[in-house]
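A short write-up of the structure that comes next.
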Amino acid sequence: MEKAKADIDYNDPVITIRGLEKSFADFEVLRGIDLDLYQGENLVVLGRSGTGKSVLIKIISGLMRPDKGEVMVLGKDISKISDKELQELRIRIGFSFQNSALYDSMTVRKNLEFPLVRNRKSLTRKEIDQSVETVLDAVGLSHTINQMPAELSGGQRKRIGIARTLILNPEVMLYDEPTAGLDPITCIEINDLINEVQQRFHTSSIIITHDLTCAKNTGDRIAMLLDGQFQRVGLFEEVFNTLDARVKPFFEYNFIQ
Amino acid sequence: MDSVNSSPVHAAKKGPSIKARLSNAFVSLYEINKFILRFFKEAFLPPFEIKEVMRQCYETGVRSFTLITFTGFITGLIFTKQSRPSLANFGAQSWLPSLVSIAIMRALAPLITALIAAGKVGSSIGAELGSMRVTEQIDAMEVSGTKPFKYLVCTRVLATTIAIPILSTYTAFVALLGGYLNVATNEGTSYTTYWEQVFEPLTFVDFVSSLAKAIVFGFTIGIVGCYQGYFSNKGTEGVGKAANGAVVTAMFMIFVEEILIVQIAGWFR
């Protein structure tokens, strides 16, 4: 499905990152990252494995602390807010994990209810059921409501993982390798779902991937992480219109081989 | 054939020095104390996960019930059988119920219950939380605005602290029943007389120390299992290590605590 034109407000950044640095022991992963994610935008972060793409979104969601730099998410500096403020902020951020991270011991229904009953205590049983049905319908998996995660396919798990984040109506979505390990048809379905989420739930998203088809189909802008910094940022064609030996193999592997 | 250990490659690979090991031990001690403090900080503040605590209590009880029934009964039966010849030398078989009750109430019931629970429940907690850690389920809880420590750790530690004393009381009962079976078969002691003789030597301190032990053991099993699982890493290998570490560390701690509590209870007798 062709990506519909997104309604992006370039005057309203929801995430602003300046001079972000992160190291593990002696290994510098992020070396002064600068980035803006605008309201309504899908930004794809590309890069080789181990270049710190997942570290970046873990810092944005407060799962990791930066060593240096400023990370403003929805107007709040993630490294300076209290635990309570961080918890409130996280409700406004959806995180779709690489391996879905569904709770093994709970059914799909319980998985979806879990964040809702803990963060929206005033909701009635009927309202909770309605929310669960709405997000399941949005990901096209209403029939799996009483199934356990172990009974689902990889693609279904990914969709349920996305549904679980959508149930809290997040303003920002962070996708960690949404198409990793899936067959091409399911990848297309997940790409369409990411675009549908952007349109239907008016989210701004960061999509971490090294799947260029996913990047091309979902991204309004591409940011290429090279040597711990965003060295190429722009439209898909702009980023790959280069002879840079670090960038070319990405394109050639995905579209020529 | 040369042993693998004598190969030059292996010889070059030295383990961490004594200083490094000692330093690691102190760091672990500091970390586990921080973990315990965090438990007390979070467990008794709202929101309370009462439903989950009850579910975990049920899980703890059910996981160990059959094994505890069997082990407790056999322990009582065998202990009585083995003690008879020694007492018979002095013609004191009538003291058997008192001997059995003191041994079971003061030491065996809480200890057996704790060791079985450490194996069954502690390992299960370590493996479950370890697997949740490596599959990012704990991170998923955290980013969805839920406090995973409260939901996963506090509930499990509270559950083992509540359930182990109940199981320990039950172990004492079935062990004394085992003792009764042996006494009734050999001496023909009536059921009423047996229980009268069982309770006669027991003091308030015996009941309190037995209960205190079970509470401390339950807390230890929960906190050690959760600590090992919650901070597990290195993929599936880490899950196995968490389960194994939960059992070994809890058992070691249980024996150390047993010595301390026996010593403290002795001051009140």
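Annotations
- The convex hull around the C-alpha trace of the range A:71-194, projected and averaged over every direction, spans 8.2 square nanometres.
- Chain A: angle of helix A:108-119 to the longest principal axis, Cα-based, in degrees nearest 10: 80 degrees
- All Cα pairs of the range A:15-135, percent lying beyond 19 Å: 57 percent
- Greater than 21 Å apart at Cα, pairs in A:Lys76/B:Lys34; A:Lys22/A:Lys53; B:Lys19/B:Lys41; A:Lys110/B:Lys150: A:Lys76/B:Lys34; B:Lys19/B:Lys41
- In the calculated pair-distance distribution of the range B:216-269, the portion above 17 angstrom amounts to 44 percent of the Cα-Cα pairs.
- Surface/4 estimate of mean projected area, convex hull on alpha-carbon atoms of the range B:153-264, nm²: 9.2 nm²
- Heavy-atom accessible area per residue - the range A:83-202, 1.4 Å, Å²: 43 Å²
- Taken per residue, the accessible surface of chain B reaches 53 Å², heavy atoms only and a 1.4 Å probe.
- Computed over the protein assembly as shown, the percent of Cα pairs more than 47 Å apart is 29.
- Cα convex hull of chain B, projected area averaged across orientations, nm²: 20.8 nm²
- For chain A, the calculated P(r), taken from all Cα-Cα distances in 10 Å bins from zero up to the bin holding the longest distance, is 7, 31, 36, 21, 5, 0 percent.
- For the range B:141-163, a decrease in accessible area of 20 Å² or greater in the assembled protein chains relative to the isolated chain, with a 1.4 Å probe, applies to B:Met141, B:Glu142, B:Val143, B:Ser144, B:Gly145, B:Thr146, B:Lys147, B:Tyr151.
- Protein accessible area in the protein assembly as shown, 1.4 Å probe - carbon and sulfur %: 60 percent
- Gaussian network model of chain B, Cα within-10 Å springs - most flexible of B:Ile116, B:Ile78, B:Ile223: B:Ile78
- Between the Cα long axis of helix A:154-166 and the first principal axis of chain A there is an angle of about 80°, rounded to the nearest 10.
- Between 0 and 90°, nearest 10: helix A:125-138 axis offset from chain A longest Cα axis: 40 degrees
- Relative intensity, log₁₀ I(q)/I(0), of the range B:70-184 from a Debye sum that treats every alpha carbon as a point, q = 0.14, 0.16, 0.17 Å⁻¹: -0.66, -0.76, -0.81
- FRET efficiency for B:Leu67 and A:Glu28, using Cβ-Cβ distance with R0 set to 45 Å, rounded to 0.05: 0.30
- Label zone (A:Phe251, point 7 Å along Cα-to-C-beta; backbone nitrogen cut-off 19 Å) within the range A:25-69: A:44-48.
- Residues in the range B:95-117 reached by a label modelled at B:Ser190 [backbone nitrogen below 19 Å; 7 Å Cα→Cβ]: B:95-98
- Kyte-Doolittle at least -1.0, axis length at least 15 Å by Cα - qualifying DSSP helices, chain B: B:18-43, B:50-88, B:123-134, B:155-187, B:204-230, B:235-268
- FRET efficiency estimate (nearest 0.05) - Cβ-Cβ, B:Leu45 to A:His143, R0 35 angstrom: 0.30
- Buried solvent-accessible surface, both chains (B, A), 1.4 Å probe, Å² to nearest 100: 1600 Å²
- Extension gain from A:Ser105 to A:Asp7, taking 0.36 nm per residue of separation minus the Cα-Cα distance: 31.3 nm
- Mean-square fluctuations from a GNM of chain A, with a 10 angstrom spring cutoff on Cα atoms, peak among A:Pro170, A:Pro66, A:Pro184 at A:Pro184.
The values are calculated or read from the model by the stated rules, or taken from the named source; none is laboratory data. Bear in mind that the values here come from a model prediction, so they are computed numbers and not experimental data. Counting neighbours? That spans all protein chains shown, and the Cβs are built from the backbone with ideal geometry, glycine included. Just the protein is used for accessible areas: all its heavy atoms, side chains included, with ligands, DNA and RNA removed. Shrake-Rupley method; radii C 1.70, N 1.55, O 1.52, S 1.80 Å.
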